[in-house]
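Derivation of every value follows stated rules applied to the coordinates shown; laboratory data play no part. These numbers were taken from a predicted model, which means no experiment stands behind them. In this analysis, Cβ positions are derived from the backbone assuming ideal geometry, glycine residues included, and neighbour counts consider all displayed protein chains.
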Amino acid sequence: MASEKLVAQKILGNVGSKDNILSAEHCATRLRLVLKDETKFNKKEIENIDGVKGSFKAAGQYQIILGTGFVDKVYHEFMQLTGLEEASASDKINHADDNLNVFQKASRLLGDVFLPIIPILVATGLFMGVRSLITSLGVELDPTVLTLSQVLIDTAFAFLPALVTYSVMKKFGGSPALGIVIGLMLVAPQLPNANKVAAGTAEAIILSLGGLNIPIVGYQGSVLPALVLGIIAAKIEKSLKKIVPDVLDLIVTPFVTLLCSMVIGLIVIGPIMHEVEQVLLMAVQALMSIPFGIGGFIVGALQQVVVITGLHHTFKTLEIELLANTGSNPFNTLTCGAIVAQCGAGIAAALKLKNKKQKSLYLSEVVPASLGITEPLVFGGNLPRLTPFVCACVGGGVAGAISSVMGLAATGMSITAIPGMLLYLNGQLPQYLFVCAVGFVLAFVLTTIFYKPQENN
């Protein structure tokens with residue numbers, strides 16, 4: 001293979017020189033360029049360069065596939081040759097988004113935010129699924145082993161908002177270190193755990209302000225509040241840097257950014273999300289009562305949409321209520337159908353990719369999903385590509401409708417997909433497997449038909 005310096009020189013020579021480059025960045029496998037004059041991109045010559053595995057245009061960028069590790073070296077040489085600034089995150093966004101529609105911009109945002117943290121979610125998601133399977137089989141872990149497993153497995157998901165705000169701040173030109181702190185504020189140990197509040201084992205902190213009682217909780221595992229707050233914090237910090245004198249910047253800018261972010265996150269965004277949770281809970285209860293499988297279809301189709309927001313923890317309250325009042329949990333089956341459908345769509349989409357590394361990463365995200373942890377697959381694969389996610393939602397909806405008509409209901413909660421089979425050993429296992437198979441196959445077929453990847457994207 002040619003040296004990284006030679007590859008960088010040849011790439012530069014086939015994109016119209018450094019004056020034609022608006023921005024340059026890279027992901028795990030690809031060098032990403034935004035060009036002034038796109039006609040100067042010589043695709044044929046670039047793909048003939050030794051070390052280049054392919055190229056394509058997506059999301060307003062020309063993406064040159066170099067492979068893991070090698071792309072870092074080429075990028076370093078490329079930046080030295082061009083003299084471009086690496087810290088031009090906001091400029092990258094503006095240039096690359098010029099010709100994109102709303103859905104493309106949203107897809108690009110999610111992809112850029114979650115790409116750096118997907119390996120973490122995949123690894124911990126897999127560990128979490130395996131632990132869930134082991135414990136669901138009745139295996140009691142030694143207390144020390146259990147504690148160590150919690151440290152290994154639960155840390156990433158418990159502090160997911162910190163990972164998200166870090167990535168968002170970095171993308172929007174803010175200080176990544178501030179992003180970490182802002183995310184950690186959302187899950188500070190002084191705040192009641194969102195999962196425990198949803199389960200009814202903890203109570204929210206009530207802040208009385210102007211005659212209003214504002215509930216304050218932590219946002220463990222939540223994505224949407226962290227995503228929104230990260231964008232707001234980046235905007236605040238960049239605005240402050242424009243008006244705060246340089247001599248005071250080190251003190252004033254981080255202080256005001258953190259203060260405003262805490263107030264907005266815990267007193268504005270947080271309570272809004274809390275109210276949304278309550279409305280969502282009542283809506284799901286009402287939908288599940290709609291006959292002829294209609295309610296099951298709607299809930300099954302939208303369940304993973306709710307996962308994107310992090311509000312799915314609210315459903316624990318519903319499941320506890322169902323088990324306490326009726327001794328069964330029909331919502332679990334709707335969840336399982338939706339999860340398995342995401343697996344089917346993910347496998348179908350991965351098989352259509354040409355790039356082996358991208359395909360391998362995609363398929364690895366399916367493994368934790370098959371054990372009930374869909375975040376790596378949704379955020380890392382299906383949602384950024386959109387079509388697989390939509391197809392999975394349709395598959396989950398049909399599976400939910402069938403489940404509702406058949407009257408399937410779990411005997412417990414908190415485990416789904418493959419481990420979830422243990423909740424249907426009361427004579428319902430064949431029906432459960434049938435529902436899951438319908439969701440999987442339908443999502444797989446729909447994705448195979450409708451998903452058209454942008455070459456190696």
Amide proton proximity set for SER55, modelled H, under 5 Å, gap of 5+: ILE65
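Once you sort the root eigenvalues of the Cα gyration tensor of the range 289-450 as a ≥ b ≥ c, which label holds: rounded (a/c under 1.5), prolate (a/b larger than b/c) or oblate (the other case)? Mind showing how you got there, number by number?
Numbers: a/c = 1.87, a/b = 1.76, b/c = 1.07.
Since a/c reaches 1.5 and a/b is larger than b/c, the shape of the range 289-450 is classed as prolate.
With r defined as the distance between the Cβ atoms of SER17 and ASP50 and R0 fixed at 25 Å, what FRET efficiency is calculated, to the nearest 0.05?
Values: r = 21 Å, r/R0 = 0.85.
Between SER17 and ASP50 the formula returns 0.75.
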Using the alpha-carbon atoms, what tilt in degrees (0 to 90, nearest 10) does helix 118-136 show relative to the longest principal axis of the chain? 20 degrees
How about LYS171: which lysines have a C-alpha closer than 22 Å to its C-alpha, ignoring those fewer than 8 places off in the same chain? LYS36, LYS57, LYS73, LYS92, LYS105, LYS235, LYS238, LYS241, LYS242
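Please give the length that would be gained between VAL244 and ILE267 if that part of the chain were fully extended, namely 0.36 nm times their separation in residues minus their C-alpha to C-alpha distance (nm, one decimal). Mind dumping the intermediate values first?
Details: separation 23, 0.36 × 23 = 8.28 nm, distance 2.57 nm.
Gain on extension, VAL244 to ILE267, equals 5.7 nm.
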Two pseudo-spin positions, 7 Å from Cα along C-beta at ALA123 and at VAL405, lie apart in nanometres by 4.5 nm
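Which of the peptides 227-235, 296-304, 187-195 is most tightly packed, and how do the rest follow, judged by the mean count of other Cβ atoms within 10 Å per residue? Let's see the in-between values first.
Numbers: 227-235: 23.0, 296-304: 25.3, 187-195: 16.1.
Highest to lowest by the protection proxy: 296-304, 227-235, 187-195.
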Using the alpha-carbon atoms, what tilt in degrees (0 to 90, nearest 10) does helix 224-243 show relative to the longest principal axis of the chain? 40 degrees
Calculated Rg and Dmax of the range 159-279 using C-alpha coordinates, Å: 14.9, 49
Linear extension gain, LEU184 paired with ALA437, 0.36 nm per residue minus alpha-carbon span: 87.1 nm
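With r as the distance between the Cβ atoms of SER360 and THR39 and R0 = 45 Å, compute the FRET efficiency 1/(1 + (r/R0)^6) and round to 0.05.
Values: r = 34 Å, r/R0 = 0.76.
Step by step, r from the Cβ atoms, then E = 0.85.
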With θ taken as phi - 60° and the coefficients 6.51, -1.76 and 1.60, list the Karplus ³J(HN,Hα) couplings across the range 141-146 in order, rounded to whole Hz; mark glycine and proline as x. 7, 4, x, 5, 4, 4
Hypothetical label at LEU209: residues of the range 230-265 whose amide nitrogen lies under 11 Å (7 Å Cα-Cβ projection): 260-265
Theoretical ellipticity at 222 nm over the chain - DSSP helices of four or more residues, -39500 (n - 2.57) apiece, nearest 500: -20000 deg cm²/dmol
Arrange ILE415, ILE449, ILE120 by Cβ neighbour counts within 10 Å, fewest through most, would you? ILE449, ILE120, ILE415
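Provide THR448, THR253, THR416 in ascending order of the number of other Cβ atoms located within 10 Å of each residue's Cβ, fewest first. Walk me through the intermediate numbers first.
Details: THR448 17, THR253 20, THR416 27.
So the ranking, lowest neighbour count to highest, is THR448, THR253, THR416.
In which sequence would ILE64, ILE205 go, from the one with the fewest C-beta neighbours within 10 Å to the one with the most?
Working: ILE64 29, ILE205 15.
In order of increasing Cβ crowding within 10 Å: ILE205, ILE64.
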Can you compute 3J(HN,Hα) from phi for each residue in the range 376-390, using the Karplus curve 6.51 cos²θ - 1.76 cosθ + 1.60 with θ = phi - 60°, rounded to whole Hz and x for Gly and Pro? x, 5, 5, 6, x, x, 5, 5, x, 8, 6, 4, x, 5, 4
How many angstrom separate the Cα center of the range 219-280 from the Cα center of the range 412-434? 42 Å
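Pop the C-beta distance of LEU259 and THR155 into the FRET formula with R0 = 22 Å and round what comes out to the nearest 0.05.
Values: r = 27 Å, r/R0 = 1.23.
E(calc), rounded to 0.05, equals 0.25.
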Using alpha-carbon positions, the gyration tensor of the range 1-49 gives root eigenvalues a ≥ b ≥ c; with a/c under 1.5 called rounded, otherwise prolate if a/b exceeds b/c, else oblate, the class is oblate
For ILE214, list long-range residues whose amide hydrogen, built 1.01 Å from N in the peptide plane, is under 5 Å from its own amide hydrogen. LEU207, SER208, LEU209
At 37 °C and 0.692 mPa s, what whole-number value in µm²/s does Stokes-Einstein give for the translational diffusion of the chain, with Rh from the Kirkwood sum over Cα pairs? 139 µm²/s
